[in-house]
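Undergrad: Have a look at the structure that comes next, please.
We did not get these values from a lab; they are worked out from the coordinates using the rules stated. Small disclaimer: the values here were computed from a predicted structure and weren't measured. Please note: Cβ atoms are built from the backbone with ideal geometry, for glycine as well, and neighbour counts cover all protein chains shown.
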């Protein structure tokens with residue numbers, strides 16, 4: 001029987017241009033983050049709830065993310081795509097796309113690594129700290145060697161020092177080079193033992209075997225962009241599902257019964273389109289499908305209120321409606337099959 005904690009899953013998108021490998025997990029989860037369940041707003045208020053899905057982290061406790069960015073000399077090489085940007089420029093575009101799509105309340109840190117590593121931006125909460133994070137991303141240069149181990153150790157130490165209680169703690173390593181595999185894997189193993197998830201992204205020139213071994217040791221996901229680096233920007237912007245957290249897709253059913261696919265970023269975050277609240281209960285359901293084809297669902301109910309003589313009050317819901325919400329409310333994990 002295959003080990004569920006160490007099976008490498010393969011997936012392809014865009015006619016095989018992107019291949020990733022990730023660790024299968026025993027169960028995934030999906031949750032709504034904002035607004036809070038059972039919140040009330042005047043009827044007609046337009047709301048755009050957001051949530052997250054993950055096979056690897058905590059839902060509802062927020063995210064602490066350290067982006068470990070390669071500043072070795074080879075990152076100055078150009079990439080054969082439109083405009084001939086350098087690898088470093090594409091890396092910066094991807095990191096920017098990622099942080100701009102993270103939900104409010106996420107905390108981000110930037111680590112710069114080449115022959116050694118340093119934290120150039122401590123964990124700071126978004127959106128207030130977005131400017132500082134962006135400055136750190138833009139200041140990544142291209143000079144020196146490649147020591148992935150030092151980058152992971154610096155990220156591990158940053159999460160030890162400033163990680164918040166109850167959050168999903170993730171490390172994202174981007175690199176175009178080779179490194180001492182045994183040392184990098186040992187660092188990822190230490191981070192995993194601390195409860196952190198280590199994901200890796202390969203640019204052209206990288207040792208994909210090393211990057212995959214690091215992600216496996218870190219209980220994370222390896223994404224190979226060696227042949228198509230521009231795709232990293234698209235994926236981190238939400239065009240390819242939650243590839244770093246084992247999410248294949250999220251299907252939303254809105255209060256009017258419309259069913260559609262949510263746009264999900266690389267870390268499983270999603271926002272639904274704006275919806276004008278009906279009087280009474282308005283319920284959304286999110287159904288997440290993970291890369292091992294297990295599923296999880298969660299519902300969110302918001303109340304549209306009307307103004308009466310005594311003030312603003314929720315519109316009563318018929319008893320049948322209350323029973324329906326009770327039946328579909330909360331978390332439910334549906335396993336299609338076990339590996």
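Undergrad: Place the peptides 137-145, 64-72 in order of packing, highest mean first, counting for every residue the other Cβ atoms within 10 Å and averaging per peptide.
TA: 64-72, 137-145
Undergrad: Compute the length gained on full extension between residue 86 and residue 258: take 0.36 nm times their separation in residues and subtract their Cα-Cα distance, giving the result in nm to one decimal.
TA: Taking residue 86 through residue 258 to full extension adds about 57.6 nm, to one decimal.
Undergrad: Additional query: Classify segment 141-244: rounded, prolate or oblate, from the alpha-carbon gyration tensor (a ≥ b ≥ c, eigenvalue square roots; a/c under 1.5 rounded; otherwise prolate if a/b is larger than b/c)?
TA: Taking the square roots of the gyration eigenvalues as a ≥ b ≥ c, segment 141-244 is oblate.
Undergrad: Moving on to the next point. For residue 77 and residue 100 in the same chain, what is the full-extension length gain: residue separation times 0.36 nm, less their Cα-Cα distance, in nm?
TA: My answer for the length gained is 5.7 nm.
Undergrad: Name the shape class, rounded, prolate or oblate, that the alpha-carbon gyration tensor gives for segment 207-266, where a ≥ b ≥ c are the square roots of its eigenvalues, rounded holds for a/c under 1.5, and otherwise prolate holds if a/b is larger than b/c and oblate otherwise.
TA: Because a/c hits 1.5 or more and a/b fails to exceed b/c, segment 207-266 counts as oblate.
Undergrad: Using per-residue counts of other Cβ atoms within 10 Å, averaged over each peptide, order 147-153, 188-194, 87-93 from highest down.
TA: Going by the mean number of other Cβ atoms within 10 Å, highest first, we get 147-153, 87-93, 188-194.
Undergrad: Still on this structure: For the ranges 275-288, 243-256, what's the packing order if you count other beta-carbon atoms within 10 Å of each residue, average per peptide, and put the highest first?
TA: Taking the mean over residues of other Cβ atoms within 10 Å, the ranking is 243-256, 275-288.
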